[in-house]
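Reading through the structure tokens given below for one structure.
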Amino acid sequence: MVGKDTMTKTNGSIIQVSGLKKYFPIGRTLLGKPKNFAHAVDDVSFTIKQGETLGLVGESGSGKTTIGRLLVRLEKPTAGSMLFEGKDISLLKKRELKPFRGGIQMVFQDPYSSLNPRMKAGDLVSEPFIIYRKGNRVEIKEKVEKLFDAVGLRKEQIDRYSHEFSGGQRQRIGIARALALNPRLIIADEPVSALDVSVQAQVLNLLAELQDEFDLSFLFIAHDISVVAHVSHRIAVMYLGKLMEVAETKELIRHPRHPYTESLMNAVPIPNPKLRRDKHDVPQGDIPSPINPPSGCRFRTRCPHAFDRCAKEIPLLREIESKHAVACHLFDKEMEDA
Amino acid sequence: MGKPEKKGRALTTVVASNPTNIETLLRVENLDILFGTAKQHVVAVDGVSFKINTGETLAIVGESGCGKTVTSLSIMGLIPCPPGIIDNGSIQFNGKDLLHLKMEEMRKVRGNDIAMIFQEPMTSLNPVLTVGLQMSEAMMAHKGISRKEARKRAIEMLKLVQIPEPEKRMEQYPHQLSGGMRQRVMIGTALSCEPKILIADEPTTALDVTVQAQILDLMNDIKAKLDTSILFITHDLGVVAEIADRVLVMYAGRTIEEALVTELYENPIHPYTEGLLRAIPRLDQYLSADNSVKEALKQMPGIVPSIYKKIEGCSFAPRCPYARKQCGQERPVMKEVVPGHRAACWKPEW
Ligand SMILES: Nc1ncnc2c1ncn2[C@@H]1O[C@H](COP(=O)(O)OP(=O)(O)O)[C@@H](O)[C@H]1O
Ligand SMILES: Nc1ncnc2c1ncn2[C@@H]1O[C@H](COP(=O)(O)OP(=O)(O)O)[C@@H](O)[C@H]1O
Ligand code: SF4
Ligand SMILES: [Mg+2]
Ligand SMILES: [Mg+2]
């Protein structure tokens, strides 16, 4: 549990991310220096409150997975800080990280490749206890049974191999494994994207139940804004390494302010033929490469409203209304007037 | 500079095509497709029947493994035999049964009358040929036109599929194009021989949503311009609502419901369709209702049955909240429940 001082210091946040960057070196010159960098995550700041689900949505290559991997420190940040329960984990060395590893856990997209098919389901779930030396065999067995129960798997399935499970069940094993060490924050990276629709709902409902039961906070990553909206209290929209807009779910869906969010909303297929559009009002062309991202606003090459300032200055993410932040020069004037 | 007024969403009501001039182009009847040997096999497609009318978009929707791709490959004569066995059924097109055509005749149908595009364009684009060459070769082979003419037409097709700078693209190789561009090239190539039917198997599944929206617009556009019928295959009920005139729902190798698109979404008859529609998170609840409360998704229990098991009654019975004894014993067949709306379910009869 969180002590009282950290509580005040963190203002009720479980994680505070500030100025986070990750540049991946691409190619090498003859002298061994990187030729280029992929600006996967570029100056991203956000916080997640205790018990909150923050949704992170964006198209492929926008940097969502990289943010997740940075938070669980599978990647080292190029710059920035990540305060988990008040402590900066961005610079910790492997050994120093150990106490935090249990606190933040990741659930991955592909339940097929993220679990070793030659391991029994029970062993997969007990592995974290063994690695972190938590409890003796009897205690571990008991904990594993509890976790199986919590994620809706049957006790008899403990001795089955993971390849004998369906996609949805494998995702449950992945979730049980992530829950083993009593995490406070779960990074769920496209946890239902590989699943069939009828099974998606089972897993989404399970995550919601577990959130209440275990008092979890979530960073819920997905490319599908309908799925993200369904599970998230707040949503952050990402494009080419940067956050474009952050707002509470209902507000964001009803009143998207950033031109990119607007186009996402115009593009998303709505399962209601009565709302069919003659033509989708979406930007033409494709997402540019993160290796040489556009100057100024990353979205300007596809933005229908772009003007000269957009190429020159990077728009900062800032609140234009209470709890509604946007990174777009269209709002500069509004801000100055206010 | 102020923010421009937010544009209203341009909404149109879907109008059913005029019933007086509907003509059936293709008719699939009682199709059974197995994989394996006559003795030991799995049933991938089990008694599937449907038709495609002129100028319409028919969507086949269903979860992975339900037999969508196998069904469409059989129309193209592309089921690998062995291990595939077309055990029963007919596919009528232009007065011919495609299942009984000679290879040479089928090849002609494939090039000229029915064309297909896939989820991953790279599987059907030749990586060592420029865009221009692969498009013109296809036309030279099928239409017997000269290289020069084919090239001219290829450029026209690239314009039709709204590729900027088509002359420049003609000289590029598939890997130099983005996913969305490749899918456009595929569509252009498929349409270059003016097929009567375009089969599109999950053509937007691998694309980002803004690019998916572009491709859906393009396909709607082309259908209107060329009057091509489209068989659109997808697992996504959102996409179906955006593109289909009529919908066929498949489950575990069988067709379980068929209706015009608005009718299907408003009045689903089969419990599986009903369950699917309730299981998807939807944004329209935020957009329409003033006071939308987030409802838990209605989850469907269980999983799709294994095709290794023979199913006696209704294949959905183990997961169906309404199932009675009859459902586990007798197989329901597709029956018209409401005019133009068919379902394979016992419930309407109780
Ligand atoms: N290990 C890596 N090396 C080089 N580039 C990478 C690496 N991981 C991710 N990238 C690049 O960073 C960008 C963001 O990737 P990712 O975080 O996976 O995006 P998303 O999850 O939003 O699809 C992409 O352009 C990707 O190619
Ligand atoms: N070449 C093949 N050999 C054996 N089984 C196959 C083959 N192709 C498809 N199948 C089986 O047929 C069923 C239907 O597959 P498919 O039509 O690809 O489903 P969908 O396109 O709806 O996802 C699946 O169970 C699949 O495993
Ligand atoms: S036939 Fe029976 S089991 Fe099948 S869907 Fe209808 S009610 Fe359910
Ligand atoms: Mg990702
Ligand atoms: Mg398929």
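State whether one or more residues within region A:216-223 are within 14 Å of chain B (Cβ to nearest Cβ), crowded, with 22+ Cβ neighbours inside 10 Å and modelled with pLDDT under 90. Walk me through it before giving the result.
At the first step, the residues of region A:216-223 found to be within 14 Å of chain B (Cβ to nearest Cβ) are A:220, A:222-223.
Of the ones still in play, those that are also crowded, with 22+ Cβ neighbours inside 10 Å are A:220, A:222.
Adding the requirement that they be modelled with pLDDT under 90 leaves none.
Looking for residues that are within 14 Å of chain B (Cβ to nearest Cβ), crowded, with 22+ Cβ neighbours inside 10 Å and modelled with pLDDT under 90, one finds none in region A:216-223, hence no.
Find all pairs meeting these conditions: Cβ atoms under 6 angstrom apart; at least six residues apart or on different chains; first residue within region B:307-319 and free of Cβ contacts under 8 Å to residues at least 12 places away in the same chain; second residue buried (at least 19 other Cβ atoms within 10 Å of the Cβ).
Once the first residue is free of Cβ contacts under 8 Å to residues at least 12 places away in the same chain and sits in region B:307-319, its partners that are buried (at least 19 other Cβ atoms within 10 Å of the Cβ) give B:317/B:327.
Looking only at region B:139-154, count how many residues are assigned to a helix (DSSP H, G or I), surrounded by fewer than 19 Cβ atoms within 10 Å (Cβ to Cβ) and among the aliphatic types (A, V, I, L, M).
Count: 2.
Given the criterion within 15 Å of ligand 2 (Cβ to nearest atom) and either modelled with pLDDT of 95 or more or under 20 Å from residue B:72 (Cβ atoms) (or both), identify the matching residue among B:270, B:235. Steps first, answer last, please.
Details: B:270 fails: within 15 Å of ligand 2 (Cβ to nearest atom).
Residue meeting the stated conditions: B:235.
If only one of B:270, B:235 is within 16 Å of ligand 3 (Cβ to nearest atom) and touching a residue at least 40 places away in the same chain (Cβ under 8 Å), which one is it? Steps first, please.
On the way: B:235 fails: within 16 Å of ligand 3 (Cβ to nearest atom).
That would be B:270, the only listed residue that is within 16 Å of ligand 3 (Cβ to nearest atom) and touching a residue at least 40 places away in the same chain (Cβ under 8 Å).
Among (1) facing another protein chain (nearest Cβ under 10 Å); (2) within 25 Å of residue A:166 (Cβ to Cβ); (3) acidic (Asp, Glu), where does residue A:190 come up short?
(1)
Among the residues of region A:15-28, is any assigned to a loop (DSSP other than H, G, I, E, B), more than 14 Å from chain B (Cβ to nearest Cβ), free of Cβ contacts under 8 Å to residues at least 40 places away in the same chain and more than 16 Å from ligand 2 (Cβ to nearest atom)? Spell out the reasoning first.
At the first step, the residues of region A:15-28 found to be assigned to a loop (DSSP other than H, G, I, E, B) are none.
There is no residue in region A:15-28 that is assigned to a loop (DSSP other than H, G, I, E, B), more than 14 Å from chain B (Cβ to nearest Cβ), free of Cβ contacts under 8 Å to residues at least 40 places away in the same chain and more than 16 Å from ligand 2 (Cβ to nearest atom).
Looking only at region B:191-214, which residues are buried (at least 23 other Cβ atoms within 10 Å of the Cβ) and more than 16 Å from ligand 1 (Cβ to nearest atom)?
B:192, B:198, B:199, B:200, B:203, B:204, B:213, B:214
The rows are residues; the columns are (1) within 14 Å of another protein chain (Cβ to nearest Cβ); (2) within 16 Å of ligand 5 (Cβ to nearest atom); (3) touching a helix residue (DSSP H, G or I) at 6+ places or on another chain (Cβ under 6 Å).
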{"position": "B:51", "(1), (2), (3)": "no, no, no"}
{"position": "B:60", "(1), (2), (3)": "no, yes, yes"}
{"position": "B:63", "(1), (2), (3)": "yes, yes, no"}
{"position": "B:71", "(1), (2), (3)": "no, yes, no"}
{"position": "B:77", "(1), (2), (3)": "no, no, yes"}
{"position": "B:83", "(1), (2), (3)": "no, no, no"}
{"position": "B:96", "(1), (2), (3)": "no, no, no"}
{"position": "B:99", "(1), (2), (3)": "no, no, no"}
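Any residue at all in region A:201-217 that's within 16 Å of ligand 4 (Cβ to nearest atom) and over 30 Å from residue A:305 (Cα atoms)?
So in region A:201-217, the residues within 16 Å of ligand 4 (Cβ to nearest atom) come out as none.
No, that holds for no residue.
Which pairs turn up if I take residues in region A:258-271 that are facing chain B (nearest Cβ under 7 Å) and look for partners that are of a type in the set (Asp, Glu) and surrounded by 22 or more Cβ atoms within 10 Å (Cβ to Cβ) with beta carbon separation below 7 Å, at least 6 apart in sequence or on another chain?
The qualifying pairs are A:269/B:242.
Every residue, every condition in (1) within 16 Å of ligand 1 (Cβ to nearest atom); (2) among the charged types (D, E, K, R); (3) in a helix (DSSP H, G or I); (4) in contact with an Asp or Glu (Cβ under 9 Å, 6 or more places away or on another chain), yes or no:
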{"residue": "B:74", "(1), (2), (3), (4)": "no, no, yes, no"}
{"residue": "B:82", "(1), (2), (3), (4)": "no, no, no, no"}
{"residue": "B:85", "(1), (2), (3), (4)": "no, no, no, yes"}
{"residue": "B:89", "(1), (2), (3), (4)": "no, no, no, yes"}
{"residue": "B:107", "(1), (2), (3), (4)": "no, yes, yes, no"}
{"residue": "B:116", "(1), (2), (3), (4)": "no, no, no, yes"}
{"residue": "B:127", "(1), (2), (3), (4)": "no, no, no, no"}
{"residue": "B:137", "(1), (2), (3), (4)": "no, yes, yes, no"}
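Name the strands (runs of 3 or more DSSP E) wholly inside region A:34-125 in which the number of residues that are modelled with pLDDT of 95 or more and hydroxyl-bearing (Ser, Thr, Tyr) is 2 or more.
Values: elements: A:34-49, A:53-57, A:79-84, A:104-107.
So the answer is A:34-49.
Condition check ((1) at the interface with chain A (Cβ under 9 Å from one of its Cβ atoms); (2) more than 16 Å from ligand 5 (Cβ to nearest atom); (3) surrounded by fewer than 18 Cβ atoms within 10 Å (Cβ to Cβ); (4) assigned to a loop (DSSP other than H, G, I, E, B)) across all residues:
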{"position": "B:277", "(1), (2), (3), (4)": "yes, yes, no, no"}
{"position": "B:282", "(1), (2), (3), (4)": "yes, yes, no, yes"}
{"position": "B:308", "(1), (2), (3), (4)": "no, yes, yes, yes"}
{"position": "B:326", "(1), (2), (3), (4)": "no, yes, yes, no"}
{"position": "B:331", "(1), (2), (3), (4)": "no, yes, yes, yes"}
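Is there a residue being under 21 Å from residue A:325 (Cβ atoms) and within 9 Å of another protein chain (Cβ to nearest Cβ) anywhere in region A:241-250? Write out each step before concluding.
First, pick out the residues of region A:241-250 that are under 21 Å from residue A:325 (Cβ atoms): A:241-250.
Now drop any that are not within 9 Å of another protein chain (Cβ to nearest Cβ), which leaves A:249-250.
Yes, region A:241-250 has at least one match.
Among the residues of region A:101-109, is there at least one that is more than 16 Å from ligand 4 (Cβ to nearest atom), within 14 Å of chain B (Cβ to nearest Cβ) and closer than 30 Å to residue A:143 by Cβ?
Step one: of region A:101-109, the residues more than 16 Å from ligand 4 (Cβ to nearest atom) are A:101-105.
Add one more test, that the residue is within 14 Å of chain B (Cβ to nearest Cβ), and what stays is none.
No.
So which of B:15, B:61 is modelled with pLDDT under 95, aliphatic (A, V, I, L, M) and either within 16 Å of ligand 2 (Cβ to nearest atom) or over 16 Å from the mean Cα position of the chain (by Cα) (or both)?
It is B:15.
Return the pair list, or none, for Cβ contacts closer than 8 Å from residues in region A:97-109 that are under 14 Å from residue A:66 (Cα atoms) to residues that are basic (Lys, Arg), at least 6 apart or on different chains.
A:106/A:69
The rows are residues; the columns are (1) within 25 Å of residue B:64 (Cβ to Cβ); (2) buried (at least 16 other Cβ atoms within 10 Å of the Cβ); (3) away from ligand 4 (no atom under 16 Å from the Cβ).
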position	(1), (2), (3)
A:131	no, no, yes
A:138	no, no, yes
A:151	yes, yes, yes
A:169	yes, yes, yes
A:195	yes, yes, no
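Scan region A:272-279 and tell me whether some residue there is assigned to a strand (DSSP E or B) and either acidic (Asp, Glu) or more than 10 Å from chain B (Cβ to nearest Cβ) (or both). Lay out the reasoning, then the answer.
Within region A:272-279, the subset assigned to a strand (DSSP E or B) is none.
No, because not a single residue in region A:272-279 is assigned to a strand (DSSP E or B) and either acidic (Asp, Glu) or more than 10 Å from chain B (Cβ to nearest Cβ) (or both).
Has region B:238-248 got at least one residue that is within 13 Å of ligand 2 (Cβ to nearest atom) and among the aliphatic types (A, V, I, L, M)? Break it down stepwise before answering.
First, pick out the residues of region B:238-248 that are within 13 Å of ligand 2 (Cβ to nearest atom): B:248.
Add one more test, that the residue is among the aliphatic types (A, V, I, L, M), and what stays is B:248.
Yes, region B:238-248 contains at least one residue that is within 13 Å of ligand 2 (Cβ to nearest atom) and among the aliphatic types (A, V, I, L, M).
Would you check if residue B:241 is surrounded by 23 or more Cβ atoms within 10 Å (Cβ to Cβ), small (Gly, Ala, Ser), assigned to a strand (DSSP E or B) and touching a residue at least 12 places away in the same chain (Cβ under 8 Å)? Reasoning before the result, please.
Numbers: surrounded by 23 or more Cβ atoms within 10 Å (Cβ to Cβ): yes; small (Gly, Ala, Ser): yes; assigned to a strand (DSSP E or B): no; touching a residue at least 12 places away in the same chain (Cβ under 8 Å): yes.
No: the conditions fail for residue B:241.
Give just the number: which of (1) closer than 30 Å to residue B:200 by Cβ; (2) within 11 Å of chain A (Cβ to nearest Cβ); (3) within 16 Å of ligand 3 (Cβ to nearest atom); (4) assigned to a loop (DSSP other than H, G, I, E, B) does residue B:301 not satisfy?
In the conditions (1) closer than 30 Å to residue B:200 by Cβ; (2) within 11 Å of chain A (Cβ to nearest Cβ); (3) within 16 Å of ligand 3 (Cβ to nearest atom); (4) assigned to a loop (DSSP other than H, G, I, E, B), residue B:301 misses (1) alone.
Within region A:314-338, can you find the residues that are at pLDDT 95 or above, within 14 Å of another protein chain (Cβ to nearest Cβ) and farther than 18 Å from residue A:255 by Cβ?
A:315, A:329
Determine, yes or no, whether residue B:44 is within 26 Å of residue B:305 (Cα to Cα) and surrounded by 18 or more Cβ atoms within 10 Å (Cβ to Cβ).
Numbers: within 26 Å of residue B:305 (Cα to Cα): yes; surrounded by 18 or more Cβ atoms within 10 Å (Cβ to Cβ): yes.
Taking the combined requirement at face value, the residue satisfies it.
Out of all the residues in region B:163-219, which are away from chain A (no Cβ under 14 Å), assigned to a helix (DSSP H, G or I) and among the hydrophobic types (A, V, I, L, M, F, W, C)?
Once the filter is applied, which keeps residues that are away from chain A (no Cβ under 14 Å), assigned to a helix (DSSP H, G or I) and among the hydrophobic types (A, V, I, L, M, F, W, C), region B:163-219 yields B:170, B:186, B:187, B:190, B:191.
The values are calculated or read from the model by the stated rules, or taken from the named source; none is laboratory data. Bear in mind the structure is a predicted one, so any value in this text is a computation, not a measurement. In this analysis, Cβ positions are derived from the backbone assuming ideal geometry, glycine residues included, and neighbour counts consider all displayed protein chains.
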